[in-house]
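In what follows, a structure is listed as structure tokens, so that the remarks can point back to it.
The values are calculated or read from the model by the stated rules, or taken from the named source; none is laboratory data. Computed from a predicted model, the values in this text were never measured in an experiment. Heads up, the Cβs are rebuilt from the backbone with ideal geometry, glycines too, and the neighbour counts pull from every protein chain shown. Please note that ligands, DNA and RNA were not included when accessible areas were found on the heavy atoms of the full protein model with its side chains. Shrake-Rupley method; radii C 1.70, N 1.55, O 1.52, S 1.80 Å.
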Amino acid sequence: NVQVPAGASIIRASLKICTINSYTGGWYVWNATHSGALKGEAADNPAPFGVTSRLIWQLSTTTASTTWNWPENSNWGMGVWYESPDIGPIIQEIVNRDGWSSGNALVIIYTVSQTGDDRAFMAYEYDPARAVKLTITYEMQ
């Protein structure tokens, strides 16, 4: 239910994520370096995900991407909010698709290569109030 009209010019877009503990069991993750990229699914109105269908690594992705790296020794504890760099070009590529309509779904994919411990963030199913938030600022021409 992304409310961005077809033909909109994206000024800025970002994701806010809320952290949860490391999968390694500690409240904080130290000495972990993550290098990642955000992309979108190249689809007009993606279908929901299932347990055995629509696996993320099998999706067609946007050409546009944004790097989002986490520094070493960053404090990754429970309930800390982080905001992504601008993902406006990714959103623009999606809303420029011929089949895009306001109210469609979209998928943002974050892939990482890492050294050190895992890092995790909240999913809607875990806590709706702390689920990933997408903010899009646009204008109509």
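Taking only segment 86-101 into account, find how many residues are part of a loop (DSSP other than H, G, I, E, B), of a type outside the set (D, E, K, R) and within 13 Å of Pro46 (Cα to Cα). The total comes to 3. Here Val2 clears all of (1) of a type outside the set (D, E, K, R); (2) modelled with pLDDT under 85; (3) open to solvent by less than 60 Å² (accessible area, probe 1.4 Å) except the condition numbered (2). The residue that is most open to solvent (accessible area, probe 1.4 Å), counting only those in segment 34-59 that are modelled with pLDDT of 95 or more and part of a loop (DSSP other than H, G, I, E, B), is Asn45.
Scanning segment 99-136 for residues that are exposed (fewer than 14 other Cβ atoms within 10 Å of the Cβ), over 19 Å from Pro48 (Cα atoms) and modelled with pLDDT of 95 or more gives a single hit, Thr135.
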